[in-house]
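Q: Right, I'll just put the structure down here and ask away after.
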Amino acid sequence: MNKKKIIGGVITLSSLALLAACSPQDSENQESVDTSVQSSIPAAESSSESQMMSESEGMDNGMDGMMHDDSGEIPEGLQEAENPTYPVGDTVTIQTDHMAGMEGATGTIVGAFDTVAYEVTYEPTNGDSIVENHKWVLKEEIPEARNQEEPLSEGTEVTLEASHMEGMEGVTATIDSAEETTVYMLDYQPTDGGEMVKNHKWVTEDELSQE
């Protein structure tokens, strides 16, 4: 009996020793796992936030060239149209895509003028890429054209005195095409959810339709 008690005591002591040896290690492992999980969550959130900021900045940079003059100032010498198809106050649908969210947007006419509208190619002064076939710059915004009875021919180099877009004013441009037409200045709500655009310059008559 004494031997059995001694053996039982030894087994009990051994078991306690094993438990004592294992418990801290298990606790440390658990803490290590918890710490690893907790530390990974902020890292993932930080990465996601960083990516969102980067994408937002990229969008802002991409929009630099889309900034336009909304002052509503009219070039000197520009004549109002006597009988425009779309009088001031008319609601129209825009059928062109000069800017993002423009095509299909509903607009309101704020000005109608008879002139020669030019399509031009130019390199902005702000370092942006070359702008090809920009629509539109009016004869009254081009010194070489404003006193000419006939439209300037394709390939003619001119100076732009327009400031519709950032980096446009004062640059040397090349005439791509010319069109004698009625041009419109208008307000519109972009279809992409952007802010209301005021006094957009310019849209030609064939780029509009009745709402």
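Every number here is computed from the coordinates shown, using simple stated rules; none is lab data. Note that the structure is predicted; figures quoted are calculated from it, not measured. A quick note on method: Cβ atoms are made from the backbone with ideal geometry, for glycine too, and the neighbour counts reach across all protein chains shown.
Q: When you scan segment 97-127, how many residues do you find that are within 19 Å of the chain's Cα centre (by Cα) and exposed (fewer than 15 other Cβ atoms within 10 Å of the Cβ)? Please lay out each step first, then the result.
A: Looking only at segment 97-127, we keep the residues that are within 19 Å of the chain's Cα centre (by Cα), and these are 97-105, 124, 126-127.
Those left that are additionally exposed (fewer than 15 other Cβ atoms within 10 Å of the Cβ): 97, 100, 104, 126-127.
Here the count works out to 5.
Q: Pairs needed: first member in segment 188-211, closer than 29 Å to residue 116 by Cβ; second member anywhere, among the small types (Gly, Ala, Ser) and surrounded by fewer than 15 Cβ atoms within 10 Å (Cβ to Cβ); C-beta distance under 6 Å; at least 6 residues apart or different chains.
A: Pairs found: 199/72.
Q: Output the residue which, of all residues in segment 128-144 that are aliphatic (A, V, I, L, M) and surrounded by fewer than 21 Cβ atoms within 10 Å (Cβ to Cβ), is farthest from residue 73 (Cα to Cα).
A: Initially, segment 128-144 is screened for residues aliphatic (A, V, I, L, M), giving 130-131, 137-138, 142.
Checking which are surrounded by fewer than 21 Cβ atoms within 10 Å (Cβ to Cβ) leaves us with 130-131.
On the way: 130: 26, 131: 23 Å.
It comes out as 130.
Q: Consider segment 161-211. How many of its residues are under 14 Å from residue 72 (Cβ atoms) and either over 26 Å from the mean Cα position of the chain (by Cα) or of a type in the set (Gly, Ala, Ser) (or both)?
A: Residues meeting the conditions: 2.
Q: Can you give me the number of residues within segment 162-211 that are part of a strand (DSSP E or B) and of a type in the set (D, E, K, R)?
A: The number of residues fulfilling the criteria is 6.
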